[in-house]
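Below: the structure, in structure tokens.
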Amino acid sequence: SGSMNDAVQDAGGAMTPKIVIAKRAVNDLLRQFADFAAKNPDRKLLVGVYEFSARDRQDSCRRIVPVGALDLAASQRAVDLLVPQGGTPIGDAMIAAKRDLDATGVSRRHILVVTDGENNKGYSPGDVAGAIARQAAEDRASVYFIAFDVAADRFNAVKEAGGLVLAAANERDLRQTLDFVLTGKILAEQPMSPAR
């Protein structure tokens, strides 16, 4: 959204636009996914990236990296092209991601949201997280929210629906938080055993 043009402290202590910091952090996250996939070829790992912002005078969400096997270079180029503008339809992006994950047929699904503002258009993230939580266990997705330079308690409805909501005030916090979610939650998950 447009507020991603605002600056926070980067890893070196300088004030830097949040979009620059977020791009670096997401690209690093993608690199970690690629490294994990290379070291674990027996594990099916699919990744997609969505943005929620304004394009062509319309606030909406859009898929910038389709859910699939990760093409690291292409994915990082797509992230580098993100431009902060417009509103924040977070819930709509969560719905799009969940539908795309469901279409893959994978048994383990995760939705990771990085936002610096509250939802201001479309479905509320709390309502979407609640709907996901009410699905049958085999259809659910784990929901992780990183509140980047915004009060995490603004996403209490996501937390109440079973999502993990974490705060990050600057680049160091964002990288540590994303690393915790990726390595401690998503990639640490054990593959399901085949039915006997």
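The values are calculated or read from the model by the stated rules, or taken from the named source; none is laboratory data. Remember, predicted model here, so these are calculated numbers, not experimental data. Cβ sites come from the backbone with ideal geometry, for glycine too, and all protein chains shown count toward neighbours. Just the protein is used for accessible areas: all its heavy atoms, side chains included, with ligands, DNA and RNA removed. Shrake-Rupley method; radii C 1.70, N 1.55, O 1.52, S 1.80 Å.
Can you work out the PRE-style zone for residue 136? Point 7 Å along Cα to Cβ, and I want the residues of the range 77-109 with backbone N under 20 Å. Counting only backbone N, you get 98-109.
Take the convex hull of the alpha carbons in the range 60-184; its mean projected area over all directions comes to 7.8 nm². Largest accessible area first, the listed residues 16, 183 line up as 183, 16 when surface is computed with a 1.4 Å probe on the assembled protein chains.
How much length, in nm to one decimal, is gained on full extension between residue 69 and residue 83, taken as 0.36 nm per residue of separation minus their Cα-Cα distance?
Numbers: separation 14, 0.36 × 14 = 5.04 nm, distance 2.46 nm.
Separation in residues times 0.36 nm, less the Cα-Cα distance, equals 2.6 nm.
Using only C-alpha positions, report the orientation-averaged shadow area of the convex hull of the range 68-129, nm², one decimal.
5.1
Leaving out ligands, DNA and RNA, what percent of the accessible area of the range 76-196 is carbon and sulfur, probe 1.4 Å? The C+S portion of the solvent-accessible surface of the range 76-196 is 48 percent. Overall, the accessible surface of the range 11-75 at a probe of 1.4 angstrom is composed of carbon and sulfur to the extent of 52 percent.
Accessible area per residue of the chain at 1.4 Å probe, in Å²? Write down the numbers at each step before the final one.
Details: 10180 Å² over 196 residues.
Counting only protein heavy atoms, the per-residue value for the chain is 52 Å².
Panel values: the range 1-123, Kirkwood radius from alpha carbon pairs, Stokes-Einstein at 20 °C and 1.002 mPa s, translational diffusion coefficient 140 µm²/s.
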